[in-house]
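The values are calculated or read from the model by the stated rules, or taken from the named source; none is laboratory data. Remember, it's a predicted structure, so these values are computed and weren't measured experimentally. Cβ coordinates were reconstructed from backbone atoms using ideal geometry, including for glycine residues, and neighbour counts include every protein chain displayed. Each accessible area value is taken on the protein alone, full model and side chains, heavy atoms only, with ligands, DNA and RNA left out. Shrake-Rupley method; radii C 1.70, N 1.55, O 1.52, S 1.80 Å.
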Protein chains: 2
Amino acid sequence: MNPSYRPQVVIIGAGFGGLKAASVLAKAGVSVLLLDRNNYHTFVPLLYQVATAELEPEQIAYPVRSFLRGQPNVSFLQAEVRQVDFLAKTIETDREIINYDFLILATGSQSQFLGVPGAATYALPMRSLCEAIALRNHVLSCFEQAVHEPSPTRCQQLLTFIIVGGGPTGVELAGGLIELIQGALVSDYPELNLRRSRVILLQSNERLLASFPQRLGAYTQKQLRKMGVKIHLNSKVRKVTSEAVYLEDDTIINAETIIWTAGVEANAPETAPAVSTAMKGKLVVQPTLQLRDHPQVYAIGDLAYLEQDGKPLVGVAPVAIQQGVAAAKNIARQLRGLSPQPFNYVDKGRAAIIGRNAGVVQARKFSVTGFPAWLVWLSIHLFYLPGWRNRLSVLVNWICDYLLKKRFVCLILPKPRAKASPRLFMTEAQTPLNSRNIELN
Amino acid sequence: MNPSYRPQVVIIGAGFGGLKAASVLAKAGVSVLLLDRNNYHTFVPLLYQVATAELEPEQIAYPVRSFLRGQPNVSFLQAEVRQVDFLAKTIETDREIINYDFLILATGSQSQFLGVPGAATYALPMRSLCEAIALRNHVLSCFEQAVHEPSPTRCQQLLTFIIVGGGPTGVELAGGLIELIQGALVSDYPELNLRRSRVILLQSNERLLASFPQRLGAYTQKQLRKMGVKIHLNSKVRKVTSEAVYLEDDTIINAETIIWTAGVEANAPETAPAVSTAMKGKLVVQPTLQLRDHPQVYAIGDLAYLEQDGKPLVGVAPVAIQQGVAAAKNIARQLRGLSPQPFNYVDKGRAAIIGRNAGVVQARKFSVTGFPAWLVWLSIHLFYLPGWRNRLSVLVNWICDYLLKKRFVCLILPKPRAKASPRLFMTEAQTPLNSRNIELN
């Protein structure tokens, strides 16, 4: 090999894993090209706060190019990846065809509707910033509509919000939503009796936060109920329509807003040849994070299926970050003629927030609930949020909400498109391809 | 009249004039209903800073309901007005039909394309928050595209930005854009030679800021040229296409981005019967701001045509605010059986910003340029921006940009829709009805 040749490492996805891998490889004597369909990184753990008008979208979106300043070996291309050809070692995008010597797939995950009829059409996902913005606009539009709605039945439907999925995302969203309604919106909508509004959390199994210890799930349920969230356990959704969810026990709950937090699947790019996948469409990787038949290709984060201690690793940011480091280091090892090393996830614990003064933390063998856990959750997320200005402005928003119950982002912006859609104000981000009633403005 | 009857005053438009009128009428013993198609007020003078990635949209958008807290006599309806029936005294909206006793029309203005062929289809307006966001996304997308554009001609086209219209909006936008390119984007795009980028300001007559004194227009031109903006005076646009502007002297300038700041017209609602209009579609009003044939109806702000000292009043925020007060007070007078009073605008002066340390201020007989004028401009806009938190966060953005040339909002968000549009990445807000090439994602 030409000694002056600089190997090209391509990373697809500027999420937690992709960005981390890029920063490690920046010092590895390679050229790094980072691809993403957006020109910003999204701090996904705080998406629900955009959806509940607590934070502005820009406070949790950080331009990729800002990350890359001072890293001359790393360049960025905003592009949609169409297909990866493992044999030719090329990536076809909507801009150009890119060659690679090494490749890291870090494309993350998207909502999975679990085959529930109507869910993809009528439920609102919340996995991207555009979806969170659309959800916020939709929720606020329901209140605007309810103000002048003469029919009590229709008004109740507008003020009913169903969240399907009682994992951390669903729990945090339920807490954020009920606090929005009982806090800021009470002052904004004196014409409405907001005690009529309902936030309903549906969980398919017997407890919330099923991946946390049982005690924390029970605490969470108690807290949410105290806050006014209606919780239905052991409630599987059979069908979703434009007006209601139908449960397997034949219960029907009418609602204008049905939010889907019940499952995610890998956002896998199309590849040639195809790669073996496991649950949720995740790509099966070796312990070194390499694809079995393509040793120059790595998959990390939500995209990758890897077991540790007999259980698949969960799709959370710390896993993606550690795998980003590991994949980058393994590529560096390969370049030096060494064997890649197996990945070992160091689990520092997990946290979830329920509402003001209420959180849960589980770290190794101990767990904490309540105010200390809430503080820990806030601190961790503030610490890891990219950008000092974002951290400062998020802290200001949090303080104002805590002390004054004030939310600054009660804006329906940009204006949703459809007028007579199945979901009241679905926007472009959610518009399903097969929805009959969407009209263009 | 029933002594307990509370007259209903409807105000259409939550801009500067409408909001001011609502706040005055809140204490006048009437019921006030404020209508707007958006649930927020837009601080229009800072729109160009959203378009140039200096500010976040939410920093200049203030929820209408936040304004109305503590004003129990004032309620809000988010709705599109379809028609006003002056004889039946009703307003037809997309939600319901509303009755009024008194009406204030404060619907503002929109871009006017002056009959230039192609302008409405291919030029980008900047009169609303959605349009400013779309413009920012488009501008940044041009740079993203240029990074990997192999053709030098096409690359040059992507890096050429034409602004049509050398009034205050065009001047401020030109200054903001050149500073964005030469400041933040130089660090973000090390792959591009940004000295190739061009910001071109076209003015149809012989000087910039034609409504300001000649000295200030000359100063502005000198400053912009020093900053690198190319200025073409006496340059009327004959035609706009997807790739270029054609001037009346047959000059053709190729550009991917053509921004229209050359004219606005009244955003007049449909009325029955029709109302006489003057230039730019403005409604002709009496000196009292009433419509001649409908004494319960007032028109204010950019919507209204009224002369003072032989010249039509300009469409600026101070005029709208003072007219909002005057219209509200006149309605209160009518309710007390008194005659409305003629409106007299107290002109405190005008200001425009060119770039860092460079502004122009004209107040009564004196005018100021340079650093003091720049400070005055910043102070005025910070003072009048609604919301202390917005003021604080805008100040932080300004300081960071001034000291570090850092812009935090270099985000292409939400993702533009069309792939193969006449304008590279037109979004929904700009999508013209008759554009042939727009594809849905």
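Values as computed for the structure displayed
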{"item": "Residue match in the range A:251-264 (condition: of a type in the set (Asp, Glu), out of contact with any Leu (no Cβ under 9 Å at 6 or more places or on another chain) and either in contact (Cβ under 8 Å) with a residue 24 or more places away in the chain or open to solvent by 30 Å² or more (accessible area, probe 1.4 Å) (or both))", "result": "no"}
{"item": "The range B:271-308, residues that are hydroxyl-bearing (Ser, Thr, Tyr) and within 15 Å of B:Gln334 (Cα to Cα)", "result": "B:Thr288, B:Tyr298"}
{"item": "A:His138, sole failed condition from (1) open to solvent by 10 Å² or more (accessible area, probe 1.4 Å); (2) at pLDDT 95 or above", "result": "(1)"}
{"item": "Those residues of the range B:71-92 which are under 21 Å from B:Thr42 (Cα atoms) and either at the interface with chain A (Cβ under 9 Å from one of its Cβ atoms) or in contact with a Lys or Arg (Cβ under 7 Å, 6 or more places away or on another chain) (or both), in sequence order", "result": "B:Ser75, B:Phe76, B:Leu77, B:Gln78, B:Ala79, B:Glu80"}
{"item": "Complete set of residues in the range B:207-245 that are assigned to a strand (DSSP E or B), open to solvent by 40 Å² or more (accessible area, probe 1.4 Å) and in contact (Cβ under 8 Å) with a residue 60 or more places away in the chain", "result": "B:Arg238, B:Lys239"}
{"item": "2 or more residues more than 30 Å from B:Gly176 (Cβ to Cβ): qualifying strands (runs of 3 or more DSSP E) within the range B:255-308", "result": "B:294-299"}
{"item": "Pick from the range A:334-351, criterion more than 22 Å from the chain's Cα centre (by Cα) and surrounded by 14 or more Cβ atoms within 10 Å (Cβ to Cβ), ranking: nearest to A:Gln362 (Cα to Cα)", "result": "A:Phe343"}
{"item": "Boolean, B:Lys280 is of a type outside the set (A, V, I, L, M, F, W, C), closer than 30 Å to B:Val199 by Cβ and not assigned by TED's automatic domain parsing to the domain that holds B:Arg364", "result": "yes"}
{"item": "Residue check for A:Leu55: open to solvent by 10 Å² or more (accessible area, probe 1.4 Å), modelled with pLDDT of 95 or more and assigned to a loop (DSSP other than H, G, I, E, B)", "result": "no"}
{"item": "Qualifying residue in the range B:168-175 (condition: over 28 Å from B:Val360 (Cβ atoms), open to solvent by 10 Å² or more (accessible area, probe 1.4 Å) and either at pLDDT 95 or above or not in a helix (DSSP H, G or I) (or both))", "result": "no"}
{"item": "Residues that are part of a loop (DSSP other than H, G, I, E, B) and β-branched (Val, Ile, Thr), drawn from the range B:89-147", "result": "B:Thr107, B:Val116"}
{"item": "Scan of the range A:183-216 for residues that are of a type in the set (Val, Ile, Thr) and under 30 Å from A:Gln362 (Cβ atoms), ordered by number", "result": "A:Val199, A:Ile200"}
{"item": "Selection count where residues are under 30 Å from A:Ile178 (Cα atoms) and either small (Gly, Ala, Ser) or more than 14 Å from the chain's Cα centre (by Cα) (or both), scope the range A:1-51", "result": "3"}
{"item": "Subset of the range B:364-406 that is polar (S, T, N, Q) and touching a residue at least 24 places away in the same chain (Cβ under 8 Å) - its residue that is nearest to the other protein chains (Cβ to nearest Cβ)", "result": "B:Ser393"}
{"item": "Matching residues in the range B:89-102 - criterion: being more than 21 Å from B:Asn38 (Cα to Cα) and open to solvent by 60 Å² or more (accessible area, probe 1.4 Å)", "result": "B:Lys89"}
{"item": "The range A:133-184: number of residues that are touching a residue at least 60 places away in the same chain (Cβ under 8 Å) and within 14 Å of chain B (Cβ to nearest Cβ)", "result": "16"}
